[in-house]
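See below for the structure under consideration.
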Amino acid sequence: MRIETLSIFPEMFETVMATSILGRARQRGALEYVGHDLRNWTHDNHRTVDDEIYGGGPGQLLKPEPVYEALDDLLKDAPATVIIFTPGGEPFNQAMAEELACAQRLLMICGRYEGFDERVYSLAHRQISLGDYVLTGGELAAMVVSDAVCRLLPGVLGSDLSIVDDSFSQGLLEYPQYTRPETYRGQQVPEVLLSGNHAAIDKWRRKMSIIKTAELRPDLLAASGLSEAEIQKALEEE
Ligand code: ADE
C-alpha cells in the first residue's frame, strides 16, 4: 500500500511513520509513505494557504486553490482513495480500517484552522472523523488511521491470527490475556488458561469477550448479532 499525506506540517509524520510496526512495514516494502507539504502548491512569497471567512466569523479557512492544484498533480498518473479528516466526517472504526486496507493508494488531506473552504470536501471519497471532539488539525487523525490500516496489511504483523482476535474484529472486545507471573500482588491468572485444554480455553475466552463487552461497551453487544441466549448464558456463568 502507498499512503500519502497532504498537510502544512509534514514533519509531524516523520517519527510515527518511521517507528515500530509502520517503520518496519516501510523497510520491508509493505508500506510506502510520502508526506506532501500543502504550501508547495501556493504561489505567493508568504506561501499562504488560508484566508478570512466570507460572511464573517472567527479564524481562517484553508483556501481551495492549493488543495485543488495539489490533487491535480498528485492524481494525474494514478488514482487514489482521497480522505479528508474533519470532525464532521464518518466516525472511524475497525470496519472502516478493514475497507481502507484493501486500497492500493490512500491520499489523506489534513485540515487546520477552522477547516477547509466547503468546495474542498467534494474532492474526497471519504470524510473521516476520529470522534466527537475537535483536534487542532487532521494530522493526528491521519496517523491514527495509517496505524490502524497498516497493521492489517498482509505480512505486517507477526501473526495474522492476532488480527482475527482483535477487539472489534468480531463485534466484541478482546478477551483478557495474561503473561507471567502466575500470581502477582495477589491476582491469579485464571486456572483454565494454565490447563492446556484448548477447547476449554476457547470457550472461556468467548465467554469473557461477551462479559467484558457487556461491562464496557454494551452498545457493541447490542449490535454484535449474538443471540440473547448466548449473552445471558455468558453473564450467568460469570
Ligand atoms: N480535525 C479536527 N478534529 C478532527 C477529528 N475529530 N477527526 C478528524 N479530523 C479532525
Here region 102-116 yields Karplus 3J(HN,Hα) values (6.51, -1.76, 1.60; θ = phi - 60°; whole Hz; Gly and Pro given as x) of 7, 6, 7, 8, 10, 10, 9, 9, 10, x, 9, 6, 8, x, 9
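Quick check on the chain: what does the Kirkwood estimate of hydrodynamic radius come out to from the alpha carbon pairs, in Å?
Details: mean 1/r = 0.0484 Å⁻¹.
In the chain this quantity evaluates to 20.7 Å.
Rounded, prolate or oblate: which fits region 89-153, taking a ≥ b ≥ c as square roots of the Cα gyration tensor eigenvalues, rounded meaning a/c under 1.5, else prolate when a/b beats b/c? Let's see the in-between values first.
Working: a/c = 1.99, a/b = 1.51, b/c = 1.32.
Since a/c reaches 1.5 and a/b is larger than b/c, the shape of region 89-153 is classed as prolate.
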Residue-normalised value, i.e. accessible area per residue, for the chain at 1.4 Å probe, in Å², stands at 58 Å²
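Expressed as cubic angstrom per residue, what is the convex hull volume of the alpha carbon set of region 105-238? Write out the running numbers ahead of the final one.
Working: hull volume 24.6 nm³, N = 134.
Each residue corresponds to 183 Å³ of Cα convex hull volume.
What value does region 48-125 have for Rg/Rh, both radii from Cα atoms and Rh as Kirkwood defines it? Before the final figure, lay out each step's value.
Values: Rg = 14.0 Å, Rh = 13.9 Å.
Result for region 48-125 is an Rg/Rh of 1.01.
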Taking a ≥ b ≥ c as the square roots of the eigenvalues of the Cα gyration tensor, with a/c under 1.5 meaning rounded and otherwise prolate when a/b exceeds b/c and oblate if not, region 119-197 is prolate
Along the dipole axis of the chain (charges at Cβ: +1 for Lys and Arg, -1 for Asp and Glu; origin at the Cα centre), the most positive-end residue among Leu106, Gly23, Leu71 is Gly23
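With +1 on the Cβ of every Lys and Arg and -1 on the Cβ of every Asp and Glu, and nothing else charged, how large is the dipole of the chain about its Cα centre, in debye rounded to the nearest 20?
Numbers: 22 positive and 37 negative charges, 163 e Å.
It works out to roughly 780 debye.
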Kirkwood Rh over alpha-carbon pairs of region 165-237 plugged into Stokes-Einstein at 37 °C, 0.692 mPa s gives a D in µm²/s of 250 µm²/s
If each part is reduced to its alpha-carbon centroid, region 147-200 and region 7-73 end up apart, in Å, by 37 Å
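Which order do the peptides 193-201, 86-94, 142-150 come out in when sorted by mean C-beta neighbours inside 10 angstrom, highest first? Please list the in-between numbers first.
Numbers: 193-201: 11.6, 86-94: 15.1, 142-150: 20.8.
My ranking of the peptides, most packed first, is 142-150, 86-94, 193-201.
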Simple SL model, points at 7 angstrom along Cα→Cβ for Lys233 and Gln187; separation in nm is 2.9 nm
Of the accessible area of the chain, computed with a 1.4 Å probe and all protein chains kept, carbon and sulfur make up a percent value of 51 percent
If R0 = 22 Å, then Met96 and Leu220, at their Cβ-Cβ distance, give a FRET efficiency to the nearest 0.05 of 0.90
Of Val189, Val16, Val49, the most mobile residue in a GNM of the chain (C-alpha springs, cutoff 10 Å) is Val189
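The values are calculated or read from the model by the stated rules, or taken from the named source; none is laboratory data. Because the structure is a prediction, the values reported are computed rather than measured. Quick reminder, even Gly has a Cβ in these numbers, built from the backbone with ideal geometry, and neighbours come from all protein chains shown. Side chains are part of the model used for accessible areas, which takes the heavy atoms of the whole protein and leaves out ligands, DNA and RNA. Shrake-Rupley method; radii C 1.70, N 1.55, O 1.52, S 1.80 Å.
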